[in-house]
Amino acid sequence: MVFDIDLIKGIYQSYPQKIDVIRQKIGKPLTLTEKILYAHLAEGEELKAYKRGEDYVNFFPDRVAMQDATAQMALLQLMNSGRKRVAVPSTVHCDHLIQAYKNAHDDLIIAESNNHEVYQFLRDVSNKYGIGFWKPDAGIIHQVVLENYAFPGGMMIGTDSHTPNAGGLSMIAIGVGGADAVDVMAGMPWELKMPKIIGVKLIGKLSGWASPKDVILKLAGILTVKGGTNSIIEYFGEGTESLSATGKATICNMGAEVGATTSIFPYSKKSAYYLSMTGRQEVVDLANTLISCFNPDAAVLDDPESYYDQVMEIDLSTLEPYVNGPFTPDLAYPISQLANAVQQHDYPDNMEVGLIGSCTNSSYEDMMRAASVIDNANKLGLKVNAKLIINPGSEQVKYTSKRDGILSRFEQAGAAIMANACGPCIGQWRRDDVADEHKNSIVTSFNRNFAKRNDGSPNTYAFVCSPEIVVALSIAGKLSFNPITDELVNDKGEKVKLPEPIGDELPRQGFAVDDAGYIEPMADGSLVEVRIAPNSERLQQLLPFSPWDGKDIIAQPLLIKATGKCTTDHISMAGKWLKFRGHLDNISNNMLIGAVNAFNQKTNSVLDAQTGDYVEVPALARKLKAQGIGSIVVAEENYGEGSSREHAAMEPRFLNVKAIVVKSFARIHETNLKKQGMLALTFVNKDDYDKIREDDQISITGLCDFAPGKNLILTLHHRDGSQDSFAVAHTYNQAQIEWFKAGSALNKLKEEFK
């Protein structure tokens, strides 16, 4: 079954003509990114050369994908939109709510029991609104999308920050919040600031221990976690042609860790091979007639500096394996430098757990190359010295890997095979062996390694690398081991060296699966009744937020002044809190509990200026809300980095936070705040952050004249009677200002439907 084939045929039918018109109107050769973006301009949107990094533009994406944790809030909003059926193909994927503990079989039974209410809600809403449903254990959303829905030249949005995974098949795929998804599912245009384009030229060819993962690990070290903000990373050059489709997807997936809007590769023979092997030869036949549409123009390749905003080059032939971390994905160490870093920074050298999988590295190729390292170790008389956990990317990958004997090789090495789900990557990992809070190191093939993210322990030092390196370090049991140069002692006391990993990109016998886990929605779901129990702890009907009262914000207390990194994990933790993703009131009890208070360097401990006591952040916000008082949140750089979870924006809105004032925002989170009717402001002078005192009252004026490009004024009323006033900036356009005035983008959408 080829999903959306009629849609794809319709898009492809006019693609060459569209590109010709775009090139003529823009008046210059086109990058691949520009071809796809301009081909998806919303109806009525002027075709012109939009200013990158400045102009807001409306688009019509081809499809929407949602994972079960974010889908709950997205679908609750869809139910309030006035829409009866989704306007574009949409899917829900149940991959986040399965906790990894024992093994796939036992964990799945527990997940289906514990999450029955939520799964039923998602199925009912999917049936009612015509949304495809992927059952628990069907696979991780991005791997399933790559196997079934991604197509060259397409455009999609997904309620998960790693949606860019589909860029491995030349698709513009962008992570968004649920409110954005509702716009598209409701048939409305979707707004995006026209991104800048970073061109990354790949030359040479990978060999030895190097893998596609090392391309993005190296790039993360160059760009840092905010270097790609409001930019699309477009890879080009002869080096792209040798990378597998799943390898390219890995690189695009982790582009989210540098803040990129998305990443994309040109269409190649490897793309066609993957599409064909996953049962989509019909798409290949169509795409092969449009190769020039799915590649940058020749003039761009001849003179990339003239067409990309930034250009860099990576030589695959000389690329070392990288290990990034701990606590941030952009702390990049070539493996030749890792041992020195371990010693210099006193990282725990004893490597306790190796984890393979997640949406980033859970393909057949990943599994096979990792298994080859275990095979080589067995032949040399070496054992695995760290615990191994494997999360296959999809039921198709798992079934085929089992058929080909790959999984049995992991199991013989003592590995636990978990469900086809996110598991430890997103904190869904019940790990009993860190109860004593000892310092320890884990190595994963995941994408993020923020503190507490995987197992909830602040003493776990998490490092990110390729699956092959995960296995090599697990065999050594040492973080400081370099498989390229170092020897190990086998069971006979001999010094031996691990050979380089090998593996097929795709299964020689083709993919196979008994039940992929897909459920088609009902043809007519109008009679489906979506029920939410009034006393449910998991689900809660969503009430509209109140519109703006027409007044400035006057003398509101500081809730927290956060210092250092403040990701969406700090603002709205995952892990055990995932179960409340459909209940805004309950999940608001985790608001900012991971943020570090600048005044006492503690988490979840802020001053209640009324009493002089230190209390939990949500408790203070609820107390102030009950008194009819709002509050203000202040933070530093790249606030809201990480996941697309809009709960990190909805919780402050629900608890009556009036504004978030920071040095800079991560792209998705800033948009999420705007969508929920929140004020997202930045310091014009970043040093003004230092003027804010713990017991300040804060006013924000100028809202009655709120306009694009016009700063607001923030005034600090200090307890000693003195004041500080300074300008704060915003990036709201007129449409976004209307969201603020209406109380949320959803409120505005409902007005338009009426």
Which cross-chain or sequence-distant (5 or more) residues have an amide H under 5 Å from the amide H of Ser572, H modelled 1.01 Å from N in plane?
Leu592
Rounded to a whole number, what is D in µm²/s for segment 480-628 from Stokes-Einstein with the Kirkwood radius over alpha-carbon pairs (25 °C, 0.890 mPa s)?
111
Between segment 88-144 and segment 151-200, how far is it from one alpha carbon centroid to the other, in angstrom?
22
Can you compute 3J(HN,Hα) from phi for each residue in segment 45-61, using the Karplus curve 6.51 cos²θ - 1.76 cosθ + 1.60 with θ = phi - 60°, rounded to whole Hz and x for Gly and Pro?
6, 5, 8, 8, 7, 6, 6, 5, x, 10, 7, 8, 10, 9, 10, 10, x
Per residue Cα convex hull volume for the chain, in cubic angstrom?
153
Whole-Hz ³J(HN,Hα) for each residue in segment 699-708, computed from phi via Karplus 6.51 cos²θ - 1.76 cosθ + 1.60 with θ = phi - 60°, x for glycine and proline: what do you get?
10, 10, 10, x, 5, 5, 10, 3, 8, x
Residue-wise, which Karplus ³J(HN,Hα) couplings in Hz belong to segment 431-448, taking 6.51 cos²θ - 1.76 cosθ + 1.60, θ = phi - 60°, and x for glycine or proline?
10, 6, 7, 10, 4, 7, 6, 7, 5, 7, 10, 10, 10, 10, 9, 7, 10, 10
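Normalised by the number of residues in segment 473-593, what is the relative contact order in percent for Cα pairs under 8 Å and 6+ residues apart? Can you show the working numbers first?
Values: 62 pairs, mean separation 21.3, N = 121.
Over segment 473-593, the number comes to 18 percent.
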Based on DSSP H runs of at least 4 residues, each adding -39500 (n - 2.57), what is the mean residue ellipticity at 222 nm of the chain after dividing by all its residues, to the nearest 500 deg cm²/dmol?
-8500 deg cm²/dmol
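What part of the accessible area of the chain, given as a whole %, is carbon or sulfur when the probe is 1.4 angstrom?
Working: 12530 of 26580 Å².
Its accessible area is 47 percent carbon and sulfur atoms.
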For Lys205, other-chain or 5+-apart residues with amide H closer than 5 Å (H placed, Pro excluded) are Leu316, Ser317
What's the center-to-center distance, using Cα atoms, between segment 211-277 and segment 528-591 in Å?
33
If we restrict to alpha carbons, what Rg and Dmax does segment 1-149 come to, in Å?
19.5, 60
Ranking by accessible area, most exposed first, for Glu616, Glu437, Glu147 with a 1.4 Å probe:
Glu437, Glu616, Glu147
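For His162, His105, His717, what's the largest-to-smallest order of accessible area, 1.4 Å probe? If you can, show how the numbers build up before the last one.
Numbers: His162 10, His105 125, His717 55 Å².
The residues order as His105, His717, His162, largest area first.
Over all distinct alpha-carbon pairs, what is the Kirkwood Rh of segment 486-542 in angstrom? Before the final figure, lay out the partial values.
Working: mean 1/r = 0.0524 Å⁻¹.
Taking the inverse mean of 1/r over all distinct Cα pairs, segment 486-542 comes out at 19.1 Å.
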Which value, in Å² rounded to 10, gives the accessible area of Arg409 with a 1.4 Å probe and all protein chains present?
50
Under the 7 Å Cα-to-Cβ spin-label approximation, Glu282 and Ala707 lie apart by a distance in nanometres of 5.4
Over all directions, how big on average is the projection of the convex hull of the alpha-carbon atoms in segment 611-754, in square nanometres?
9.6
Just for the Cα atoms in segment 236-291, what are the lengths along the principal axes, largest first, rounded to whole Å?
35, 23, 18
If you average the alpha carbon positions of segment 594-648 and of segment 330-406, how far apart do those two centres end up, in angstrom?
38
Heavy-atom SASA rank of Phe236, Phe511 (probe 1.4 Å, accessible area, largest first):
Phe511, Phe236
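Let's test the formula: R0 of 41 Å, r as the Cβ-Cβ distance of Ala87 and Thr563. What FRET efficiency results, to the nearest 0.05? Display every interim value, and only then the final one.
Details: r = 43 Å, r/R0 = 1.06.
Approximately 0.40, to the nearest 0.05.
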Which whole number in µm²/s is D for segment 447-560 by Stokes-Einstein, with the Kirkwood Rh taken over Cα pairs at 37 °C and 0.692 mPa s?
145
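For the chain, what does the relative contact order come out to in percent, with C-alpha contacts under 8 Å and a separation of six or more?
On the way: 1811 pairs, mean separation 103.8, N = 754.
Over the chain, the number comes to 14 percent.
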Taking amide H atoms as placed 1.01 Å from N in the peptide plane, list the residues 5 or more away in sequence, or in a different chain, whose amide H sits under 5 Å from that of Ser90.
Val64, Gly132
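The values are calculated or read from the model by the stated rules, or taken from the named source; none is laboratory data. These figures come from a predicted structure and were not determined experimentally. All Cβ positions, even for glycine, are placed from backbone atoms using ideal geometry, and neighbour counts span all protein chains on display. Each accessible area value is taken on the protein alone, full model and side chains, heavy atoms only, with ligands, DNA and RNA left out. Shrake-Rupley method; radii C 1.70, N 1.55, O 1.52, S 1.80 Å.
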